[in-house]
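The values are calculated or read from the model by the stated rules, or taken from the named source; none is laboratory data. If you're wondering where the values come from, they're calculated on a predicted model, not measured in any experiment. Reconstructed Cβ throughout: ideal geometry from the backbone, glycine too, with neighbour counts over all protein chains shown. Each accessible area value is taken on the protein alone, full model and side chains, heavy atoms only, with ligands, DNA and RNA left out. Shrake-Rupley method; radii C 1.70, N 1.55, O 1.52, S 1.80 Å.
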Amino acid sequence: RGLRGCELPASLSGRIMRPDDANIAGNVHGGTILKMIEEAGAIISTRHCNSQAGEHCVAALARVERTDFLSPMCIGEVANVSAEITYTSRHSVEVQVNVMSENILTGAKKVTNKATLWYVPLSLKNVNKVLEVPPIQYVRKEQEDEGKKRYEEQKLDRLETKQRNGDVIFPVINPEPHTVGYSQSSLIHLVGPSDCTLLGFVHGGVTMKLMDEVAGIVAARHCKTNIVTASVDAINFHEKIKKGSVITVSGRMTFTSNKSMEIEVFVDADPFVDESRGRYRAVSAFFTYVSLSKEGKPLPVPQLLTETEDEKRRFEEGKGRYLQTKAKRQAQMQQAAQH
Amino acid sequence: RGLRGCELPASLSGRIMRPDDANIAGNVHGGTILKMIEEAGAIISTRHCNSQAGEHCVAALARVERTDFLSPMCIGEVANVSAEITYTSRHSVEVQVNVMSENILTGAKKVTNKATLWYVPLSLKNVNKVLEVPPIQYVRKEQEDEGKKRYEEQKLDRLETKQRNGDVIFPVINPEPHTVGYSQSSLIHLVGPSDCTLLGFVHGGVTMKLMDEVAGIVAARHCKTNIVTASVDAINFHEKIKKGSVITVSGRMTFTSNKSMEIEVFVDADPFVDESRGRYRAVSAFFTYVSLSKEGKPLPVPQLLTETEDEKRRFEEGKGRYLQTKAKRQAQMQQAAQH
Amino acid sequence: RGLRGCELPASLSGRIMRPDDANIAGNVHGGTILKMIEEAGAIISTRHCNSQAGEHCVAALARVERTDFLSPMCIGEVANVSAEITYTSRHSVEVQVNVMSENILTGAKKVTNKATLWYVPLSLKNVNKVLEVPPIQYVRKEQEDEGKKRYEEQKLDRLETKQRNGDVIFPVINPEPHTVGYSQSSLIHLVGPSDCTLLGFVHGGVTMKLMDEVAGIVAARHCKTNIVTASVDAINFHEKIKKGSVITVSGRMTFTSNKSMEIEVFVDADPFVDESRGRYRAVSAFFTYVSLSKEGKPLPVPQLLTETEDEKRRFEEGKGRYLQTKAKRQAQMQQAAQH
């Protein structure tokens, strides 16, 4: 780590959070933050991949590792986003992005997010050609080894999720409160030019912002309070989405603990005008939300009522993820306490 | 007509059309134009309603008369929007808005839209109180009489549509191409601060832009070509939508002629966080789209396949509206030819 | 002056200010206003330069003269922007833009800005070719003479600033409050299609809006209160910025008087994907901010602590600009008083 940082001022960026970046309680949407993170990652990795002579390319987001929203950000605060490249494989770049909220009136600063993103350089001439990534220099040999380990781990995980991707959300007529059907939601969006990179494909950050929007509405419909994004599980971007496509983003609740809700979100793309290809699943992910009181304290969440066998199975799977994350976090805290 | 014009510069507005205002073929979305029209109307009517001493108010859109999109507008052109007040009743204001596209390279100008909007002044202190409108001065007596006739006609029509509003769009699983279920679409939108007036209610123009977005996706899904808005039937805004609400905008095709498609759009509001009130129908309307070739010529439209009795009935009703509009237009053209 | 007015309706424009146009205290950002000014100037000058037969062109912003923000504008008010062409040289157009804020509830109107902009017509076919400008007709001979004098003056000034442009902002670790390093800030922005003109280069107004955003963050970090733009020094646009570039906008405080802060802003462009060219300085400028109490009264500003020789030199230069502006304003007021 720490190879670049200060040498690359352009990897630091600050922007004031506006009313449209936030919900009516003034909390900045998780999706706004995810979009800023991805833009910083896209810039630093595209710059790096073009730093040597040869074919020009655009870095496309392939994966975002699980990320937690450590503290809320509010309207009027400055979001400071910094990015650095921490590992390169032959065809991919790992970028570490940190987000800090800064209250410029009090000077208070808080870490909001630490995210790890993987990018792949696609040729500007032929979007289906993946170019080679110039290697970075490591200060210590173990940085490279640890990076390689992270690289291998995410590669395995990407293969796995590719299979899970077939599920569909069916509409429910006259659902009961707190059932899955009651809160499930979907939106359509026509992909415009500003949603896209130079290659004419949707920015990963734009997709994540829409996913957070749907997940947030599902969460709010379920508990009818002010809700905020607590974390996002690893997201893999298997398929590109072309300009002019219509994307359908749909979300359903899969699990509730006492104080959190897990929502599964699907992104389907329909390149209906200029392609022979039909509708396809482009991305899927799990978002976790918490419900907050007016004072910003976590509130209890109504339990999700599962009705079908599939819903019960998904609830158990969600519980598994919840317990695993909890265990991991406790292990980290113990480790930290020992140092 | 023509009472004001140059005396009220703020009722004139020009803006360059950007890629984000248009589809990928470069045609500006009908919704972009409807939003500009409504903003011009809101400014001129709010200004007028506050022109006398007394309680301050914000003019809220109550109704837009049927409007045709007479010629397409493109990226890079300037949209010139002008507005004037043409009639006032005790509690409402009629505004005439004209939109002209101007190619600032060639100097070519074309009338794009002529729209008539009705606004009602709501008290800034008490949003449920409708204030009185200062009367305008007419140059000729018949202007007032014609205005009064238009006022009475729209009042009747508003009562009628209020009853039609109960319908719901049900989802269809695995629909066949060119059926109603195949192209029907819906989106959800969380109402943010920039969508709202000073009173905290959604601008009519924001709602119309979302409606056009959904209708356009329905049309594109049906015929898989470049589509543009041809006209919008009268729209009545029966119910206000509050900041923080989630709105669901859904559209379904009701009728196709050889070269046009009619799409019915519903707007439902769910003020789920801060109100005891449940979901309600806020607006509904019919949009007509045409399909264009790459050269901008109208293309034949695949016929809509109706399956249920309701779909067949709606198709016949759509046909009725289509024939009525056609007859009206022919009568106008004959009248024009005689002068 | 005053040649046109009502004959050119498209040079008049009105728009309601939204929450996203303003800071959390409700004051519209200087950058929002600069962007509206530039759009009005670009429309009127592009229209004029294409008013005679011949090669088509797009007017590109070359320079904005120093402009003062005379009174604040608030959310809900209408910004009325009017533009007229006041001088033409062989290859450039001088546009005068006035902005008036209008409270449509009370009818109160205030002049917010008077700005002078210079545009240059670039051929649509060959962006490096500057076309000839059709001459305007002057009502009085002295209008032409005065315009020519303004033209010569700005030409000299443009040459000067071209040299100053080499400076860079270095990051500082653990800076003390009120030092230069403490408040300096930067943002990165990926240039999208809607940021650009028909020629594919960034609108001057988009650049100015980003500059104001960074300068505003610097000012707020320094004095931790509600701050507003008071004035912008002349800005020269030496170099175009292409679509797809990444721009880095960085700002540092150079000078403080009792009640104002001067911030220097640099814009660097990195056309890293599709050009052989490296990063370059595109624009630089000085913004002046004031700090306001909750009642809108100017507050004292903490003095800037200069540490290095360069910082002390820049402080003295800033003081020179401050005293010069003050002297000029007093001279104008005395002149006005004598009439």
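Running Debye on the protein assembly as shown with equal point scatterers at the Cα sites and no solvent, what base-10 log of I(q)/I(0) appears at q = 0.04 Å⁻¹?
Treating every Cα as an identical point scatterer, log10 I(q)/I(0) equals -0.20.
Mind checking the dipole of region A:180-334: about its Cα centre, +1 per Lys or Arg Cβ, -1 per Asp or Glu Cβ, Debye to the nearest 20?
In total the dipole reaches around 500 debye.
Just to verify a number: FRET efficiency for residue B:132 and residue C:74, C-beta to C-beta distance, R0 = 25 Å, to 0.05?
Efficiency computed from Cβ-Cβ geometry: 0.40.
Taking 8 Å as the Cα distance limit and 6 or more residues as the minimum spacing, I'd like the relative contact order of region C:124-262 as a percentage.
29 percent
Roughly how much accessible area, to the nearest 100 Å², goes out of reach of solvent when B and C pair up, both sides summed, probe 1.4 Å?
The B and C chains share an interface burying roughly 2800 Å².
Which one of A:217, A:173, A:263 has the biggest mean-square fluctuation once chain A is modelled by GNM with Cα springs under 10 Å?
A:173
If exposed means no more than 16 neighbouring beta carbons inside 10 Å and the site is in a DSSP loop, what's the longest run of chain A without any exposed GluC sites (Glu not before Pro)?
Answer from the scan: A:133-238.
Are there chymotrypsin sites (Phe, Trp or Tyr not before Pro) in region C:147-218 that DSSP puts in a loop and that have at most 10 other Cβ atoms within 10 Å, and which ones?
Qualifying residues, ordered by number: none.
Count, for each residue of A:177-188, the Cβ atoms from other chains sitting within 10 Å of its Cβ, then give me the mean as a whole number.
For peptide A:177-188, the averaged partner shielding equals 3.
Which shape class applies to region C:1-120: rounded if a/c is under 1.5, otherwise prolate when a/b exceeds b/c and oblate if not, where a ≥ b ≥ c are the square roots of the Cα gyration tensor eigenvalues?
prolate
Name the residue from A:139, A:303, A:324 whose Cα lies farthest towards the positive end of the charge dipole of chain A, charges +1 on Cβ of Lys and Arg and -1 on Cβ of Asp and Glu.
Of the options given, the answer is A:139.
Nearest 20 debye, what's the magnitude of the dipole of the protein assembly as shown about its Cα centre given +1 on Lys and Arg Cβ and -1 on Asp and Glu Cβ?
Here the protein assembly as shown has a charge dipole of around 760 debye.
Could you sort the residues of region B:224-266 by number and keep only those whose accessible area is reduced by 10 Å² or more in the all-protein-chain setting relative to the chain alone, 1.4 Å probe?
Buried by 10 Å² or more upon assembly, which counts only protein chains, are B:224, B:225, B:243, B:244, B:246.
Can you give the calculated 222 nm mean residue ellipticity of the protein assembly as shown, where each DSSP H run of n ≥ 4 adds -39,500 (n - 2.57) and the sum is split over every residue, rounded to the nearest 500 deg cm²/dmol?
-10000 deg cm²/dmol
Checking buried surface per residue: for region A:41-87, which residues lose a minimum of 30 Å² accessible area in the protein assembly relative to the chain alone (1.4 Å probe)?
A:43, A:47, A:56
Taking a label point 7 Å out from Cα toward Cβ, give me the nm distances from residue B:142 to the same spot in the other copies, shortest first, one decimal.
5.1, 9.4
Counting only other residues whose beta carbon sits under 10 Å from that of residue A:29, what net charge do I get with K and R as +1, D and E as -1?
Taking every Cβ under 10 Å from that of residue A:29, the sum is -2.
May I ask you to give the percent of accessible area on the protein assembly as shown that is carbon plus sulfur, with a probe radius of 1.4 Å?
After summing per-atom areas, the C and S share lands at 51 percent.
Using a Gaussian network model of chain B with C-alpha springs under 10 Å, which one of B:235, B:24, B:188 is most mobile by mean-square fluctuation?
B:24
From the label point of residue C:296, set 7 Å from Cα along Cα→Cβ, how far away are the matching label points in the other copies, in nm, ordered shortest to longest?
3.0, 4.8
Kindly flag which residue pairs out of A:148/A:209; B:109/C:109; C:35/C:240 have an alpha-carbon separation exceeding 21 Å in this structure.
The answer is A:148/A:209; B:109/C:109.
With chain B treated as a Gaussian network of Cα nodes joined by springs under 10 Å, which of B:158, B:252, B:63 yields the largest mean-square fluctuation?
Fluctuation is largest for B:158.
Amide H of residue B:75 versus every other amide H placed in the peptide plane: which residues, excluding those fewer than 5 positions away on the same chain, fall under 5 Å?
For residue B:75, the qualifying residues are B:28.
Give the shape of region A:32-98 as rounded, prolate or oblate, defined through the alpha-carbon gyration tensor: a ≥ b ≥ c are the square roots of its eigenvalues, a/c under 1.5 means rounded, and otherwise the shape is prolate if a/b is larger than b/c and oblate if not.
Prolate, because a/c is 1.5 or more and a/b exceeds b/c.
Would you pull out the residues with amide H under 5 Å of residue B:87's amide H, same chain only if 5 or more places away, H placed 1.01 Å from N?
HN-HN under 5 Å from residue B:87: B:94.
If contacts are Cα pairs under 8 angstrom and at least 6 residues apart, what is the relative contact order of chain C in percent?
Over chain C, the number comes to 16 percent.
Whole-Hz ³J(HN,Hα) for each residue in region C:122-133, computed from phi via Karplus 6.51 cos²θ - 1.76 cosθ + 1.60 with θ = phi - 60°, x for glycine and proline: what do you get?
9, 4, 5, 7, 9, 5, 8, 9, 8, 8, 8, 9
Give me a single rounded figure for A:17-27: the average over its residues of other chain Cβ atoms within 10 Å of their Cβ.
Neighbouring Cβ atoms belonging to other protein chains average 5 per residue here.
Show me the helices of chain B, taken as full DSSP H stretches, that run 24 Å or more along their long axis by Cα and average -0.5 or above in Kyte-Doolittle hydropathy.
B:30-49, B:204-223
Could you work out the mean count of beta carbons from other protein chains within 10 Å of each residue's beta carbon in B:307-319?
That works out to 0 on average.
Suppose all protein chains stay in the model; what accessible area per residue would a 1.4 Å probe give for the protein assembly as shown, in Å²?
Heavy-atom SASA per residue in the protein assembly as shown reads 45 Å².
Under a 5 Å amide H to amide H cut-off, with H placed in plane at 1.01 Å, what residues pair with residue B:283 once short-range neighbours are removed?
B:267
Given the options A:180, A:216, A:113, identify the residue whose Cα lies farthest towards the positive end of the charge dipole of region A:102-225 (+1 on Cβ of Lys, Arg; -1 on Cβ of Asp, Glu).
The residue sitting farthest along the positive end of the dipole is A:113.
Between residue A:303 and residue A:174, how high is the FRET efficiency from 1/(1 + (r/R0)^6) when r is the Cβ-Cβ distance and R₀ = 22 Å? Nearest 0.05.
0.60
For residue C:323, which inter-copy label distances result when the label point lies 7 Å beyond Cα on the Cα-to-Cβ vector, reported in nm to one decimal and in ascending order?
Result for residue C:323, in nm, nearest copy first: 7.7, 8.7.
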